[in-house]
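Q: Sending over a structure as structure tokens; questions will come in a sec.
The values are calculated or read from the model by the stated rules, or taken from the named source; none is laboratory data. On a predicted model such as this, the values are computed, not experimentally measured, just so you know. Cβ atoms come from the backbone with ideal geometry, glycine included; neighbour counts cover every protein chain shown.
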Amino acid sequence: MKFNVEQFRAWEHKKVTLLGMSGVGKSYLSTMLRDGANWFHYSGDYRIGTRYLDEHILDMIKQQAMKVPFLKDLLRNDWIYIRNNIKVHDLGPVLSYVGKLGNPELGGVELADFIKRQAHYRDAEIATMYDVPEFIDKAQNIYGYPHFVNDVGGSLCELDEPGVIESLAEHTMILYIQVTNEEEENKLISRAVSAPKPLYYREQFLTEHLAIYLIENGLDFAAEMNPDDFARWVFPRLFHSRIPRYEEIAKQGYTVTSEEVSQVKNESDFLALLEKAIERQG
């Protein structure tokens, strides 16, 4: 959706998709708006974990539990049950399922299984984004929220799925949060490495960079890698590969900087920032 400032102010039910790297402020803005009671917060990662990866996550847990004789008997006799307790600000179950590529003895996931889980994660994110129009309707007509904010995962730009971005642009105003200086980039990279979120890698990106890493480290197989070391090595490269992809999507919306977002303290500040972005582009 595109507007001039007057049209934006007259837009009765505002619907915004926040786009950008993990850590740029998407969840900060979403939480702030939700706490103000006028905005429905649609968390893409939460929807992925509770709806589209829920069964995969539970199967993974049950597979491990069945290795323990005591738990095996309890599960097979339906004397206990396991549930996925994901939270909006704690994506632990999704992170555990997606995992890190590398040596299983060091907590990693073998390559074939990792690729399978990546495919599940991609399918889940695509389905989650296609659910946005339905949840816009639910937010207004069931829960009574006048406005809607879509807090998408950092890997949206990786999906390469025809129709996803077009659907978001049709139903929401896309706001890209851009990182504009090297210091901010380094902070985001450091934060992502120390407190990782579930990551999706395009197959071509993963194939190319896995081959480079193995050569640089004198390894023959992904199962020999230290999963944490590979994650630290690959994330800065993933970060920079995503920038042009985000910028292409941003052409269908508006752009603000992470520094501008850090100055937003309430809903009024947020709306003023959106108007500023519209004026700047117009």
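Q: For Ile215, are the conditions met, namely being within 29 Å of His120 (Cα to Cα) and either of a type in the set (A, V, I, L, M) or touching a helix residue (DSSP H, G or I) at 6+ places or on another chain (Cβ under 7 Å) (or both)?
A: It is true that Ile215 is within 29 Å of His120 (Cα to Cα) and either of a type in the set (A, V, I, L, M) or touching a helix residue (DSSP H, G or I) at 6+ places or on another chain (Cβ under 7 Å) (or both).
Q: Of all residues in the stretch 48-58, how many are touching a residue at least 40 places away in the same chain (Cβ under 8 Å) and surrounded by fewer than 24 Cβ atoms within 10 Å (Cβ to Cβ)?
A: Count: 4.
Q: Residue under question is Arg202, and the condition is that it be among the charged types (D, E, K, R), surrounded by 18 or more Cβ atoms within 10 Å (Cβ to Cβ) and more than 15 Å from Lys26 (Cα to Cα); does it hold? Step through it out loud before you land on a result.
A: Details: among the charged types (D, E, K, R): yes; surrounded by 18 or more Cβ atoms within 10 Å (Cβ to Cβ): yes; more than 15 Å from Lys26 (Cα to Cα): yes.
Yes: the conditions hold for Arg202.
Q: Can you say whether Ile136 is at pLDDT 90 or above, of a type outside the set (Phe, Trp, Tyr) and surrounded by 14 or more Cβ atoms within 10 Å (Cβ to Cβ), as far as the supplied structure shows?
A: yes
Q: Take the residues of the stretch 74-98 that are surrounded by 12 or more Cβ atoms within 10 Å (Cβ to Cβ) and free of Cβ contacts under 8 Å to residues at least 40 places away in the same chain: which is farthest from the chain's Cα centre (by Cα)? Give the derivation first.
A: At the first step, the residues of the stretch 74-98 found to be surrounded by 12 or more Cβ atoms within 10 Å (Cβ to Cβ) are 74-75, 82, 84, 86-88, 90-98.
Those still in the list that are free of Cβ contacts under 8 Å to residues at least 40 places away in the same chain too: 74-75, 82, 84, 90, 92, 96.
Numbers: Leu74: 35, Leu75: 32, Ile82: 25, Asn84: 18, Asp90: 12, Gly92: 13, Ser96: 15 Å.
Checking each candidate, the answer is Leu74.
Q: Taking the stretch 139-150 only, how many residues are part of a loop (DSSP other than H, G, I, E, B) and either in contact with a Cys (Cβ under 9 Å, 6 or more places away or on another chain) or surrounded by fewer than 16 Cβ atoms within 10 Å (Cβ to Cβ) (or both)?
A: Matching residues across the stretch 139-150 total 4.
Q: What number of residues within the stretch 106-120 are surrounded by 14 or more Cβ atoms within 10 Å (Cβ to Cβ) and part of a loop (DSSP other than H, G, I, E, B)?
A: Counting residues in the stretch 106-120 that are surrounded by 14 or more Cβ atoms within 10 Å (Cβ to Cβ) and part of a loop (DSSP other than H, G, I, E, B) gives 2.
Q: Does the stretch 206-240 hold any residues that are surrounded by fewer than 17 Cβ atoms within 10 Å (Cβ to Cβ) and either within 18 Å of Val193 (Cα to Cα) or among the basic types (Lys, Arg) (or both), and which are they?
A: Asp228, Asp229, Arg232, Pro236, Arg237, His240
Q: What are the pairs, 6+ residues apart or on separate chains, where a residue within the stretch 262-281 that is of a type in the set (S, T, N, Q) has its Cβ under 6 Å from a residue that is surrounded by 17 or more Cβ atoms within 10 Å (Cβ to Cβ)?
A: Sorted first by the residue in the stretch 262-281, then by its partner, the pairs are Gln281/Tyr254.
Q: Anything in the stretch 3-44 that is within 20 Å of Lys265 (Cα to Cα), polar (S, T, N, Q) and surrounded by fewer than 24 Cβ atoms within 10 Å (Cβ to Cβ)? List them, or say none.
A: Residues satisfying the conditions are Ser22, Ser27, Ser30, Thr31, Asn38.
Q: What pairs come up if the first residue lies in the stretch 177-195 and is within 16 Å of Glu259 (Cα to Cα), the second is basic (Lys, Arg) and exposed (fewer than 14 other Cβ atoms within 10 Å of the Cβ), and their beta carbons are under 7 Å apart, counting only those six or more places apart or on different chains?
A: Here the result reads none, with nothing in the stretch 177-195 linked to a residue that is basic (Lys, Arg) and exposed (fewer than 14 other Cβ atoms within 10 Å of the Cβ).
Q: How many of the residues making up the stretch 182-199 are touching a helix residue (DSSP H, G or I) at 6+ places or on another chain (Cβ under 8 Å) and surrounded by fewer than 22 Cβ atoms within 10 Å (Cβ to Cβ)?
A: Result for the stretch 182-199: 8.
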